[in-house]
1. By its C-alpha gyration tensor, with a ≥ b ≥ c as the square roots of the eigenvalues, how is segment 284-440 shaped: rounded for a/c under 1.5, else prolate for a/b larger than b/c, else oblate?
2. Quote the relative contact order of segment 371-427 in percent (integer), defining contacts as alpha-carbon pairs under 8 Å separated by 6+ residues.
3. If you stretched the chain out fully between residue 176 and residue 197, how much longer would it get, using 0.36 nm times the residue separation minus the C-alpha to C-alpha distance?
4. For segment 181-287, give the percent of accessible area contributed by carbon and sulfur heavy atoms, probe 1.4 Å, rounded to a whole number.
5. Per 0.36 nm of contour for each residue apart, how much would the distance between residue 452 and residue 169 grow if the chain were fully extended, relative to their Cα-Cα spacing?
6. Considering only protein heavy atoms, with the full assembly of protein chains and a 1.4 angstrom probe, order 379, 231, 409 by accessible area, largest first.
7. Write down the accessible area per residue of segment 174-297 in Å², having rolled a 1.4 Å probe over the full set of protein chains.
8. Roughly how much of residue 378 is accessible, in Å² to the nearest 10, using a 1.4 Å probe?
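The values are calculated or read from the model by the stated rules, or taken from the named source; none is laboratory data. Bear in mind the structure is a predicted one, so any value in this text is a computation, not a measurement. Reconstructed Cβ throughout: ideal geometry from the backbone, glycine too, with neighbour counts over all protein chains shown. The accessibility values were calculated without ligands, DNA or RNA, using every heavy atom of the protein model including side chains. Shrake-Rupley method; radii C 1.70, N 1.55, O 1.52, S 1.80 Å.
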Amino acid sequence: MTGRRAQRRDDDDGECRRCSGSRRGRAGAPRTGWHVVPGMAGGICMTLLLLLVIPAGSRKSWRRRGQQLIPNSRERTEGGGESFPLDFTAVEGNMDNFMTQIKNLAQSLYPCSAQRLDEEMKLHLLSNHSITCNDGSPAGYYLKESKGSRRWLVFLEGGWYCISRENCDLRYDTMRRLMSSKGWPATKKASGILSTQPEENPHWWNANMVFIPYCSSDVWSGASPKSEKSDYAFMGSLIIQEVVKELLGKGLDTAKVLLLAGSSAGGTGVLLNVDMVAEQLEELGYTGIQVRGLSDSGWFLDNQQYSRTDCTDIITCAPTEAIQRGIRYWNGVVPERCRQQFKEGEEWNCFFGYKIYPTLRSPVFVVQWLFDEAQLTVDNVHLSGQPVQENQWNYIQNLGRELRNTLKDVGASFAPACLSHEVITRTHWTEVQVRGTSLPRALHCWDRSLQETNKNSKTPLKGCPFHLMDSCPWPQCNPTCPSIRDHFTGQEMSVVQFLMHLGFDVQKMASQQGMEPSKLLGVLSS
């Protein structure tokens, strides 16, 4: 496999294995940037190992003399480089053991140890210090480069928001890292879709990874600097644009794909900014970069709360009221195509996925739990303590139905019937499945479909789905859901225990499903 052909596999689907990259290994030798197919990784690394001890220009026609391998006379006179004999005297009679050790060494290099030596992302504060966090400290990003890869993953961190001077002050006192860069560590180790390990991140592990810490408290929408009138800056949207601008000088200018991803508030931030990033790159002349979005747990509903409460803080405030207050406080901006869909003063509608999604030009993959914990929290449905009442149980089931309905026209989605929040940066993100397909697999299928679209192929992909939604009606009815723990004991709960805790009526549900109660319990237990 040539370097060029292997490089193309890396660009297309990310399933090839990097045998080396941009950094130096323990011996200080520069790494080369080859990419190999998974099944060939060990063999290629073995070949490279042997080539390291056999000089260039002296590899073609060696012959044995006694216990030494020496070049022939022609190679001694024409070989371009110093040659030396390989002495096998020490291993004579024990060659099998020697080769076993060589194989073990090659396997320890898989996918070549230099890739594993440095898994941490390094902090870069923005050189443009006018783009800041809430407290005026410079914003920044963590970067792990992958030389040779033309794929970039830029991740937006989540972490709620603040919508008034009072709760921003409280946020600053209790969660300062979400409002200031002053305490950020110099390095960060990532997981999930940001991991560099193929086992944890099958299709994106060898991309250039960027993590943008959330320090603007504005759902990545603000565009107002700190001033004498305001004690806080809200510059989330500008931070993203400035990071993209800096990355162009670090290799993004040659990128083929930029995947803008995010979880929770970061997931909503993806919906608000993915088209803006695409337009920014187009205006700068980088029309060849394909910009895509991956929104995780940021697809909120503007529904009626289960129980109405005063908007005293972001937890009890109804989603619509919180965003209406916030967008005014942050001087938030939304994409022009979405803004045009609503009257002046109603731009807050664009913060809700099902309203902004139809206006987006960039491809977006939506990951959303059907029973999202953050959604239930702002809807004032609390699942700790006493079992929920029948009205709450009905509300929870209806929430799942409503969310499923808003996703039915989303081309690429992954929606398990689980009670959870955020997933793509969790180490267990490969384990959850919908109809037998994992999230990494669905993302890979989506990538492939976009490649076929760019090639104007009209042949649909067979056996590679990426529109996946559970149809079962209860939280945790998907057996691959993340486990639930009792809030008081900390003990892991089975699906049956959890549903009983919610006040699940086995007799009633079994009757609705047309089966015996014992059979329903058996299905749930398995």
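1. oblate
2. 60
3. Numbers: separation 21, 0.36 × 21 = 7.56 nm, distance 3.08 nm.
Between residue 176 and residue 197, full extension yields an extra 4.5 nm.
4. On the way: 1640 of 3380 Å².
Roughly 48 percent of what the probe reaches on segment 181-287 is carbon or sulfur.
5. Taking 0.36 nm per residue and subtracting the Cα distance, the gain is 96.9 nm.
6. 409, 231, 379
7. Values: 3980 Å² over 124 residues.
On a per-residue basis, 32 Å².
8. For residue 378, the solvent-accessible surface is approximately 10 Å².
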